[in-house]
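Structure first, then comments.
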Amino acid sequence: MTETTLIKRAALVIAWDETQGRHVYQRDADVVFAGDTITFIGRGFGGEADKVIDGGDLMVMPGLIDAHTHSSHTYQTKSALEEVDSLKLYATVLFEYNPLLRLDSKYTPDCCRCSLGELLRSGCTTVVDMSAPYPEWLDVLAESGIRAYVAPGYASASFYTTTGHDLGYSWDEEAGRRKFARALEVVDAAETHASGRLKGMLYPAQVDTCSEELIRDTVDAARERGMPMQTHCAQSVVEFRELMRRTGKTPVEWLHDLGFLGPRTLLGHCIFIDDNPRLFWPVHRDRGILAESDATVAHCPVVQSRRGRLLQSFSSYRKSGINIALGTDTFPMNMVEEMRGAAIMGKIADGHSQWMSARAAFEAATVGGADALGRPDLGRVKVGAKADLVLVDLAHPLMQPARDPLRNLIFAAGERPIRDVFVDGRQVVAKGEVLTIDRRAAAERFSAGHSEMMTRVAERDWANRSADDAFPLSLEIRD
Ligand SMILES: [Zn+2]
């Protein structure tokens, strides 16, 4: 029997207006879902319901979509990587510092649980998880109750530095092929997983670490399987210059010429396209290519702003016709924070408050991601859509005065008033508590692994620095 749930007379619903193609505020409406699907939105539902939720103080909104994160492999950089940069490698932590932080694989499932717990608590119901595959991965995702796009990473090369100012690529095409084959097995297993909430995505890791052949074969495999694709692209000045040196093309041009760009392609970051003012590049074609190909930029403003970088700018990309989705990438794994970051950094990039908006950030966190995934049934509260719903407490002091609750949520309250979260009609957060993950226990085990990892920093570092030298604490310790 399919269970029917009625959210009775919700004070406010962020509903999807199909004819206008936009979210609207709808007052005093019933929202009904049966099993995993929304079946009714409007006044005076006359049918039977197995469960009734009083909506008097609630705003019902669609679950948020994290279109770019690495749930099993970036949370471990917390409390270490926030405020270091390779100043001799044009300010990117990727090559010098990121490789120093490698968690022992026995702690990886708990790293993932910590990420997913925080995501669910922030109203995220779909995650694109780009991680190196490990045996427990699909089960940890499924047990959390989240909807996930499983994106196992592979590449033909890895980067390294031996001095802190050189950048090397260690190529191993055979190893890349093996990882690609393994990734195909994992995405196929995801699609047939018993939970029914896992899907596959193909993820050649970075534009500068994958060979032409690997990208072409990815495009073929994605087409064959009808799967979306994602890679990191235009994420640093050195990467842009490396692609130009290697191919005579910008990263965007190169991917376009290999057939990688299309309506179900996401490009992580895409900040250093050829018109980014920090590049001083004389020819500007990337923006037009992105718009014409219908590719999506997976924008991760919180981590980028922490590193001193701006998308220039959110509103101008949108005006150029480029779709934007939002992702958390590293930490915090908090989609409301990400919307706030997108809105605020967008305003800073524009130099004023008006073009970049809470609404634009919310669209990116909902339909922007859903469209990139080819999912008209996600990111929207409408009849026929999946019952991926977030209930926000409008009576929460931080949500008052509740004249414009979406702005309150993004600019003032954060995730704090999020009360309940449903994925596929199943409740995963109740009264602000994640039901599917023991977050404290997972955090305790993960932290033990984090401490162990810190003792091994020197052996991975070109300069043999200890964790405290490579990642100094923000304050001195006095015993
Ligand atoms: Zn990333």
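Just a few scattered comments:
- Accessible area, probe 1.4 Å, largest first, for residues Asp286, Asp85: Asp85, Asp286
- Crossing angle, helix 173-191 versus the chain [Cα axis fit, 0-90 degrees, rounded to tens]: 10
- Cα long-axis angle, helix 237-247 against the chain (0 to 90 degrees, to the nearest 10): 60
- Computed packing ranks the peptides 378-384, 265-271, 242-248, 393-399 as 265-271, 378-384, 393-399, 242-248, most packed first, by mean other Cβ atoms within 10 Å.
- Distance in nm between pseudo-label sites at Arg182 and Ser320 (7 Å out along the Cβ direction from Cα): 3.6
- Inter-part distance where segment 411-476 and segment 38-69 are each reduced to a Cα centre, Å: 30
- Just so you know, the Rg over Rh for segment 318-390 is 1.00, from Cα atoms, with Rh as the Kirkwood radius.
- Counting only DSSP H runs of at least 4 residues, each contributing -39500 (n - 2.57), and dividing by the residue count of the chain, the helix-based mean residue ellipticity at 222 nm comes to -9000 deg cm²/dmol.
- Positive-pole candidate from Phe260, Ala361, Met453, dipole of the chain, charges at beta carbon: Ala361
- Put simply, when 129-137, 147-155 are sorted by average Cβ atoms within 10 angstrom per residue, most first, you get 147-155, 129-137.
- From most to least packed by mean Cβ count within 10 Å, the peptides 467-473, 113-119, 92-98 give 113-119, 92-98, 467-473.
- Stretch gain in nm, segment Asp85-Ser170, where the contour uses 0.36 nm per residue and the Cα spacing is subtracted: 28.4 nm
- Long-range Cα-Cα pairs in segment 1-114 (distance over 25 Å), rounded percent: 52
- Once Rg and the Kirkwood radius are both taken over the C-alpha atoms of segment 24-79, their ratio Rg/Rh works out to 1.18.
- Taking a point 7 Å out from the Cα of Asp275 in the direction of its Cβ, the residues of segment 296-339 whose backbone N falls within less than 15 Å of it are 311-323.
- Environment charge at Ser211 (Cβ cut-off 13 Å; Lys +1, Arg +1, Asp -1, Glu -1): -3
- Carbon/sulfur fraction of accessible area - the chain, other protein chains in place, 1.4 Å, %: 48
- Annotation: His256 carries an accessible surface of approximately 80 Å², with a 1.4 Å probe and no ligand, DNA or RNA atoms counted.
- Cβ charges +1 (Lys, Arg) and -1 (Asp, Glu), total dipole of the chain, debye: 980
- For segment 64-372, the pair-distance distribution built from all alpha carbon pairs, in bins 10 Å wide starting at 0, is 6, 29, 39, 23, 3, 0 percent.
- Solvent-accessible area per residue for the chain (1.4 angstrom probe, square angstrom): 41
The values are calculated or read from the model by the stated rules, or taken from the named source; none is laboratory data. Just so it is clear, the model here is predicted, and its values are computed rather than measured. Counting neighbours? That spans all protein chains shown, and the Cβs are built from the backbone with ideal geometry, glycine included. The area values use the complete protein model at the heavy-atom level, side chains included, leaving out ligands, DNA and RNA. Shrake-Rupley method; radii C 1.70, N 1.55, O 1.52, S 1.80 Å.
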